[in-house]
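To start, the structure itself, in structure tokens.
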Amino acid sequence: MRPLLNLLLVAALVLLAGACSDTETETSDALPAVSAEAEAAEPDGLARIEIEAVRSEALRARIAASGTIEARRLTPVAAEVHGRIVRVHVDVGDDVPAGAPLFQIDPGPYRMVVAEAQATLALAEAESRLADAEAERVRVLVDQSVSSKQRWDQLRTVAEVSKAQVAAAQARLDRAQRDRARTVVRAPYDASIVERRAHEGAMAGMEPILVLQEQGALEAILDVPEATPVAVRVGDPVRLFVEGLAAPIEVQVARVSGRVDPQTRTYEVRADLAEAGQLVKAGSYTRAEIEPSRQEPYPVVNSSSVLNRDGRSYLLRVTDGVVEHVPVRVGIAVDEDTEILSGIEVGDRVVAGEAVVRLSPGTAIEDHGDQDADRVAAGPGPAPEAEPGT
């Protein structure tokens, strides 16, 4: 029995030794495979760096603004004469042409004033004719040496006074007729009625009876931030995004205010909506994108080339195969392009992409200057600076 147990123990030890040998073989075979893959990823041991040439371009900025759609003219209409309202011809929502009657003030009292003024004028004209005739009669007597010249001067003065009384009476009649005509209030332009504040029977005074809005003459009034890379000018394109409309409205800047509001630090910009006046309503909120452009081109780089650190902007310029950090002043930044206002020149070559945050000043770069293929190899150089926050 004992020889059998010893035989089984020997067999177990042999099997265990074989299993360990197989495991070591598999592990040793796997390690060279990982190294081979890593070596294949970077066969020459050099990193690939993207480099671009600074180009010249007049970028168009994109400024966000907000505002309101308003009518170009919004007019509260009150009565021009005092009296009781006897009829209102329109109501809210009505469209009226220029000159159409809006409401009527009781004309009765004004008709009586006109009649009195007409009677006063007729009396003054009669008295003036009588004075003229008497002055002419005395003039003839003066020529015949029958009457004195002093008497003729007196009658001539009376005749002149009578003529002045006629003119005054005519002015009173004109005013009375004008007031009678003003009892009918008419639309000053083609308009829509947007508000009604009084009805028949009310006494008309200084308060408006109706509020008119000019038809088809809407404009977007936008508040533009003062701090923009480019000042907005007349003619700049504007896209208006209005609630309820699937597509933006394409318009242009029509007027630009010359004053900045000291409270909001914004200035007012207006854009006419002559073509889209039927699509929107006055009072609607609108969001806008204004796209002013430079009048002259500036150096432009890909936005990934700009390195921002400690509140300042840099570009990594490659000069004679060596990286140098150049402080720059940034202007318009839109989509993938950034305008450089100072610090760099057109034609300079700068690092772009992810390598911007890894390369330090003095790093050697193998730059072949190929405009079409902008990936080059980075050679040995000083250790790259750590990324911000690391």
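The values are calculated or read from the model by the stated rules, or taken from the named source; none is laboratory data. Keep in mind that what you see is a predicted model, and the values were worked out from it rather than measured. Cβ coordinates were reconstructed from backbone atoms using ideal geometry, including for glycine residues, and neighbour counts include every protein chain displayed. Side chains are part of the model used for accessible areas, which takes the heavy atoms of the whole protein and leaves out ligands, DNA and RNA. Shrake-Rupley method; radii C 1.70, N 1.55, O 1.52, S 1.80 Å.
For Asp223, indicate whether it is over 22 Å from Asp106 (Cα atoms) and within 17 Å of the chain's Cα centre (by Cα). Please lay out each step first, then the result.
Numbers: over 22 Å from Asp106 (Cα atoms): yes; within 17 Å of the chain's Cα centre (by Cα): yes.
Taking the combined requirement at face value, the residue satisfies it.
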| request: Name every residue in region 136-163 that is modelled with pLDDT of 85 or more and open to solvent by less than 60 Å² (accessible area, probe 1.4 Å), in order of residue number. | output: Ala159, Ser162
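Which residue is modelled with the highest pLDDT, if the candidates are limited to region 339-382 and must be of a type in the set (Asp, Glu), farther than 13 Å from Val326 by Cβ and open to solvent by 20 Å² or more (accessible area, probe 1.4 Å)?
Step one: of region 339-382, the residues of a type in the set (Asp, Glu) are 339, 345, 348, 354, 366-367, 370, 372, 374.
Now narrow it down to the ones that are farther than 13 Å from Val326 by Cβ: 339, 354, 366-367, 370, 372, 374.
Keeping just the survivors that are open to solvent by 20 Å² or more (accessible area, probe 1.4 Å) gives 354, 366-367, 370, 372, 374.
Working: Glu354: 89, Glu366: 77, Asp367: 72, Asp370: 55, Asp372: 39, Asp374: 42.
My answer is Glu354.
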| query | Which of the following residues is surrounded by fewer than 13 Cβ atoms within 10 Å (Cβ to Cβ), within 30 Å of Glu80 (Cα to Cα) and among the hydrophobic types (A, V, I, L, M, F, W, C): Ala100, Ala171, Ala117? | reply | Ala171
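Check Arg84, Arg55, Arg48 and return the single one that is of a type outside the set (A, V, I, L, M, F, W, C) and modelled with pLDDT under 90. Full working, then the answer.
Details: Arg84 fails: modelled with pLDDT under 90; Arg55 fails: modelled with pLDDT under 90.
The conditions single out Arg48.
Take region 205-227 and flag every residue that is over 30 Å from Ala64 (Cβ atoms), at pLDDT below 90 and crowded, with 17+ Cβ neighbours inside 10 Å. Steps first, answer last, please.
Applying the first criterion (over 30 Å from Ala64 (Cβ atoms)) to region 205-227 yields 205-212, 215.
After this cut, where a residue has to be at pLDDT below 90 as well, the list is 205-206, 215.
Result: Gln215, single match.
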| Among (1) part of a loop (DSSP other than H, G, I, E, B); (2) closer than 18 Å to His89 by Cα; (3) out of contact with any Pro (no Cβ under 8 Å at 6 or more places or on another chain), the one test that Pro208 misses | (3)
| Out of Ser145, Ser192, Ser162, which single residue is closer than 30 Å to Arg87 by Cβ and among the small types (Gly, Ala, Ser)? | Ser192
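Considering only residues that are charged (D, E, K, R) and in contact (Cβ under 8 Å) with a residue 60 or more places away in the chain, which ones fall in region 160-189?
Asp179, Arg180, Arg182, Arg186
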| Just wondering, is there one or more residues in region 324-343 that are assigned to a loop (DSSP other than H, G, I, E, B), more than 28 Å from Arg48 (Cβ to Cβ) and polar (S, T, N, Q)? | no
| query | Which condition number in (1) of a type in the set (Val, Ile, Thr); (2) within 17 Å of the chain's Cα centre (by Cα); (3) at pLDDT 90 or above is the one that Val280 fails? | reply | (3)
| Do we find that Ser313 is open to solvent by 30 Å² or more (accessible area, probe 1.4 Å) and under 23 Å from Arg60 (Cα atoms) in this structure? | no
| request: Collect the residues in region 60-81 that are open to solvent by less than 60 Å² (accessible area, probe 1.4 Å), closer than 16 Å to Pro292 by Cβ and not small (Gly, Ala, Ser), keeping them in residue-number order. | output: Ile63
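Counting just the residues of region 252-297 that are closer than 13 Å to Thr68 by Cβ and of a type in the set (Lys, Arg), which one comes out least open to solvent (accessible area, probe 1.4 Å)? So that I can check it myself, show each step before the final result.
Residues of region 252-297 that are closer than 13 Å to Thr68 by Cβ, as a first pass: 268-271, 273, 280-288.
Next cut, of a type in the set (Lys, Arg) only: 270, 281, 287.
Details: Arg270: 65, Lys281: 154, Arg287: 110 Å².
Selected residue: Arg270.
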